[in-house]
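K.L.:
After the structure tokens below, expect a handful of questions from me.
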Amino acid sequence: MPRILALDYGRKRTGIAVTDDLQIIASGLTTVDTAQLFPFLVDYFKKEDVRSVLIGEPKQMNGLPSESAPLVDAFVVQFQATFPEIPVVRVDERFTSKMAFQTMIDSGLTKKQRQNKGLVDEIAATILLQEYLSRKMI
């Protein structure tokens, strides 16, 4: 069964998570410098069968698009033009970074380890994907 990939897209770096082959468990894959994201994805899609890609949709607390929404929207347009055969699913990403940071605390990571913003992005992508999988199974 093909995998589902999740992207926590950011201006500097993008956290990436992926499902197992059965689409049951989300796992952090890596964090990539956003400037290198397309070459990374081209290589990854050659190696792995990916059914769809989740991309976080940045929103404010009131549900309106956040200031980073135009940046993410532009990325989505470019992604769909580059990979037209891979469907994109937009998902609300509110609170994922805060949840990721709390997960790091709960996991017992040191203060120095928690300052790794790349790890926060990867965990945020994993949370995004796991929540999507949980809703899908209901």
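K.L.:
Mind listing whichever residues of the range 64-84 are closer than 26 Å to TYR44 by Cα and of a type in the set (Asp, Glu)?
P.N.:
Answer for the range 64-84, where residues must be closer than 26 Å to TYR44 by Cα and of a type in the set (Asp, Glu): just ASP73.
K.L.:
Give, as residue ranges, the strands (runs of 3 or more DSSP E) completely inside the range 1-80 that count at least 1 residues that are under 18 Å from ARG135 (Cα atoms), among the basic types (Lys, Arg) and touching a residue at least 40 places away in the same chain (Cβ under 8 Å).
P.N.:
3-8, 50-57
K.L.:
In the range 113-134, what count of residues is obtained for those that are more than 16 Å from the chain's Cα centre (by Cα) and either modelled with pLDDT of 70 or more or small (Gly, Ala, Ser) (or both)?
P.N.:
Count: 0.
K.L.:
Taking LEU7 and the conditions (1) farther than 18 Å from THR82 by Cα; (2) buried (at least 22 other Cβ atoms within 10 Å of the Cβ); (3) aliphatic (A, V, I, L, M), which numbered condition does it fall short on, given that it satisfies the others?
P.N.:
All conditions are met except number (1).
K.L.:
Name the one entry in PHE83, PHE95 that is modelled with pLDDT of 95 or more and hydrophobic (A, V, I, L, M, F, W, C).
P.N.:
Exactly one of PHE83, PHE95 is modelled with pLDDT of 95 or more and hydrophobic (A, V, I, L, M, F, W, C), namely PHE83.
K.L.:
Of all residues in the range 28-69, count the ones that are of a type in the set (Ser, Thr, Tyr) and over 12 Å from VAL18 (Cβ atoms).
P.N.:
Qualifying residue count, the range 28-69: 4.
K.L.:
Among the residues of the range 1-52, what is the count of those that are more than 23 Å from SER66 (Cβ to Cβ), hydroxyl-bearing (Ser, Thr, Tyr) and under 11 Å from the mean Cα position of the chain (by Cα)?
P.N.:
Summing the residues that are more than 23 Å from SER66 (Cβ to Cβ), hydroxyl-bearing (Ser, Thr, Tyr) and under 11 Å from the mean Cα position of the chain (by Cα) in the range 1-52 gives 2.
The values are calculated or read from the model by the stated rules, or taken from the named source; none is laboratory data. What you are looking at is a predicted structure, and each value in this text was computed from that prediction instead of being measured. Glycine also receives a Cβ, built like all others from the backbone with ideal geometry; neighbour counts cover every protein chain displayed.
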